[in-house]
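Here's the structure, in structure tokens; my notes come after.
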Amino acid sequence: MEKYFEIFYNSYAGYFYYLRSEIYSFHWENYFYGLLVISLVVWGLELLFPWRKNQKVFRKDFWLDLFYLFFNFFLLNLIVLIALSNTAEALFIDLLANFGITLERIRIFDLSDFPWWVSLILFFLVTDFVQWATHMGLHRIPFLWNFHKIHHSVKEMGFAAHFRYHWMEPVVYKSVLYIPLALIGGFDIEAVALVHFFNITIGHLNHANIGWDYGPLKYLLNNPKMHIWHHSKEIPNSYGVNFGISLSLWDYLFKTSYIPYSGRDIELGFTGEEEIPKDFIHQELYPLQKKKQGDLNAN
């Protein structure tokens, strides 16, 4: 047990010093300035090419979502995610060791055996598919939907709405993603950084006030005109549509795509959204409160 406490403590200290060093250093893998640059560029595109022209520059809940962006990208890692991830990894490895199993024995393949560009594509495809499936689970499993409601409480879309989500969501995503990544292995930090920044860019654009669909690439890449329907209050089923993270490909392959017409002016949200608190603290506490049975149905 002492071993896991030590991992937990070292994760806190390590991430704190890492974050501090990122702020005072400049390199292409710098997450701090990478997020800042991407956010400013996409916000600039919103101002230059607004899809909903009557939407204010500082839209509804702009400052709330900006705080979510800062909290979920930086503080959440410091508070829990890095420590939890490192501890869970050690527990998983020790659990396998109790049965005489090592990660190397159960790996399907190693990305380092492939050319760099092939390993990059494979890493991206695996992570995006797992996250697409996890995202669908957030909608279809009542317990998880209760947390995901926070993200769907957005009433006006803008780039920072990308990061309005409850802290439990990345815990779920990272937990589900860990096993397939452990089974393939061999990915390097450059691939992780490239995929990470690409996903942030696509996610920001998907939530931005921009009416783009990327032409023929819309069947491959998730886009603002597709993702707006994921946030629509009116949907053709009980659990949702358009679950893609960076790729729209999975939605077209598995028949979960839905774009009936231009969604520029559709109402966003979900049935029962009036129960969602308006401030950060109470939104974080909301899913942890006891709910009536009728509130657990996902829309």
With a Förster distance of 30 angstrom and the Cβ-Cβ distance between LYS155 and PHE109, calculated FRET efficiency to the nearest 0.05 equals 0.10
With the crude spin-label approximation of a point 7 Å out along Cα→Cβ, what separation in nm comes out for ILE179 versus LEU253? 1.9
How far, in nm, would the chain grow between PHE70 and PHE99 when pulled straight, counting 0.36 nm per residue and subtracting the alpha carbon separation? 6.3 nm
What are the residues whose amide H is under 5 Å from the amide H of LEU247, where those residues sit 5 or more places off or on another chain and H is modelled from the backbone? ASN222
Distance violations [Cα-Cα > 23 Å] among LYS155/LYS255; LYS149/LYS174; LYS60/LYS255: LYS155/LYS255; LYS60/LYS255
Please rank ASP113, ASP128, fewest neighbouring Cβ atoms within 10 Å first, as an exposure proxy. ASP113, ASP128
In Hz, Karplus ³J(HN,Hα) per residue of the stretch 168-175 (6.51, -1.76, 1.60; θ = phi - 60°; x = Gly, Pro): 5, 4, x, 4, 5, 4, 5, 5
Theoretical gain in end-to-end length, ASP188 to ILE121 [0.36 nm per residue, Cα-Cα removed]: 22.9 nm
Using packing as a proxy for protection, rank 60-66, 252-258, 147-153, 47-53 so that the peptide with the highest average count of other Cβ atoms within 10 Å comes first. 147-153, 60-66, 252-258, 47-53
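Laboratory data are not the source of any read-out in this text; all were calculated from the coordinates shown. Because the structure is a prediction, the values reported are computed rather than measured. A quick note on method: Cβ atoms are made from the backbone with ideal geometry, for glycine too, and the neighbour counts reach across all protein chains shown.
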